[in-house]
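Participant: Pasting a structure here, questions to come.
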Amino acid sequence: ILVAAKGNHNEETTASTATSPMDETVLEPDEMVLEPDETALERNETVLDSGTTSFTNITVPTQSTISPTTATPTTKDPTSSPSADPTDRPSSWPSTSPTNHPSTIPSSIPSNAPIDPFFFGDLSVTNDELGIEVSAGLSVALIATAGKRVSYSNGQESEERFHELLDGAGIVPLKDGGYVYVSNSERGDRKGGVYGLYFDKHGNITDYKALLEKTTWNCGGGLTPWNTWISCEEYSDGQCWQIDPDPSGQNHDSPKETKLGGKGGTYESVAVDNRTPERPIFFVTEDLSDGALRRVEVNGSGWNSLHQDVATSFLRILDNSRFEWTVDEDDGKDSAEEYYPNSEGISFHEEEGKLYFMAKTTKTMIILDLDNLTYKSETTGKKFYGDGSFSAQPDQSIFGPRRKHMYFTEDGGSSPGVYARLGSTGTYYTMFQGISKEYDGDETAGVALSPDGKKFIAGIQRAGVLFEFSRDDGLPFE
């Protein structure tokens, strides 16, 4: 099912009044400004207040570039009849009246503006069949449904039915140019696991199969620098498992419990600081009111590094916007209960050296500057532009390929959606949201981007639907 959407940017600005117990770093609602997509500026276009683009690459001559005539003018009395022929001399004053007819002569220089400029937040397209509202300029397809066999591009179907309770996900590139969408199943009682949806280099679905089975409440996770997936179990004795989804990989058939989870916990998501590749640092969130953020330093790189001794410490928030890492887990738990209860999605921004993670119950995003040991926080969705409302709990998060936007899933609410945050301003926009009654109280999950950034995959968990989005202008998400 494909839906193409086109439209102009919505001018209405709204803001939530949600508050956080932590210091806010965002602008107040009355300080908000419209922040259109910066790619328009990069294309040397003019962004209008309405959010539309004008063609600015046409060269308009000025008087200084037109050669003056050498003929000597003569003085005549004015006549009541217009002259038969137009003058070939430019007027010394601009006209204040518009022309009656548009020019039929095309510009000699073509505009490089896209036909359909894309901005988040204009939910002018409703797909009644899928029960969602989508930002104008996006197309969407339903690619899998829980309990049903997956359709392949060659007309065949998967042997296994698509898993129930889809959750955290990532995309791993394959050596043949294809990629695999790795997706958790958050079922309990050892009925959970991890599954792979395989695509060829053209983005066609070619396979679907189980990658990890007989685990419990596989919630979030994260990708490693060596293209494996870490799946986190979210129950009291949960662990973090490493999976190699590449069929040609040495460990493809041997998923293994890592050292990231220590003695066990209610783990959620994983991010990694790989600026020192020989000693990468992993961060693991725990979805408990006193779940301390774990910092795990490993020795070496590659599959085996996560299955040998590691050094673990825990986040402790201090006064005056500072923090430290402590080996005392109880200190970390106390700090979590006060400052960041029920931590969820987590992402690392390598260029900034900053770690972003969500405190779900307080609807707070905490930003740790890992080099300076300082932090900031903001209420998610407070600075909001356009249609929709990011009013429920923030959950998983990923950065786009250029780190221009961060994308969020939402847990709960009457219309759970996926939202984008523009990093340069901290403004939030809606990408899509569920409007069908069957989505009421559900959660969005499984956000991931194809290697070229042109396919965005996300789903709605209990409804069991998985969508693939693309931009109508053919450009990648950012």
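Bear in mind that the values in this text are calculations on the coordinates, not laboratory data. As the structure is a computational prediction, the values presented were derived from the model and not from experiment. Here the Cβ positions follow ideal geometry from the backbone for every residue, glycine too, while neighbour counts run over all protein chains shown.
Participant: For Glu351 and Arg462, compute 0.36 nm times the residue count separating them, minus their Cα-Cα distance, and round to one decimal in nm.
Facilitator: 36.4 nm
Participant: For the range 247-285, which trypsin sites (Lys or Arg not before Pro) are both in a DSSP coil and crowded by at most 12 other Cβ atoms within 10 Å?
Facilitator: The qualifying sites are Lys263.
Participant: Continuing with this model, one more query. Under a plain spin-label model, where a point goes 7 Å from the Cα along Cα-to-Cβ, how far apart in nm are Thr374 and Asp128?
Facilitator: If labels sit at Thr374 and Asp128, their model points lie 5.4 nm apart.
Participant: Another question, then. If you take the alpha carbon radius of gyration of the range 362-440 and divide it by 2.2 N^0.38 Å, what ratio comes out, to two decimals?
Facilitator: Dividing the Cα radius of gyration by 2.2 N^0.38 Å gives 1.14.
Participant: Could you calculate the FRET efficiency of His307 with Val327 from 1/(1 + (r/R0)^6), where r is the beta carbon distance between them and R0 is 25 Å, rounded to 0.05?
Facilitator: 0.70
Participant: With each label point set 7 Å from Cα along the Cα-Cβ vector, what nm distance links Asp200 and Arg279?
Facilitator: About 4.6 nm separates the two model spin labels.
Participant: As an exercise, use a Förster radius of 25 Å and the Cβ-Cβ distance of Asn154 and Ala210 to find the FRET efficiency, rounded to the nearest 0.05.
Facilitator: Plugging the Cβ-Cβ distance into 1/(1 + (r/R0)^6) gives 0.75.
Participant: Please report the net charge: other residues with Cβ closer than 9 Å to the Cβ of Gly353, K and R +1, D and E -1.
Facilitator: -4
Participant: Compute the distance in nm between two label points, each set 7 Å from the Cα along the Cα-to-Cβ direction, one at Gln250 and one at Asp334.
Facilitator: 4.5 nm
Participant: If you don't mind, there's one more thing I want to ask. Counting only DSSP beta bridges with both residues in the range 178-267, tell me the antiparallel percent, nearest 5.
Facilitator: 100 percent
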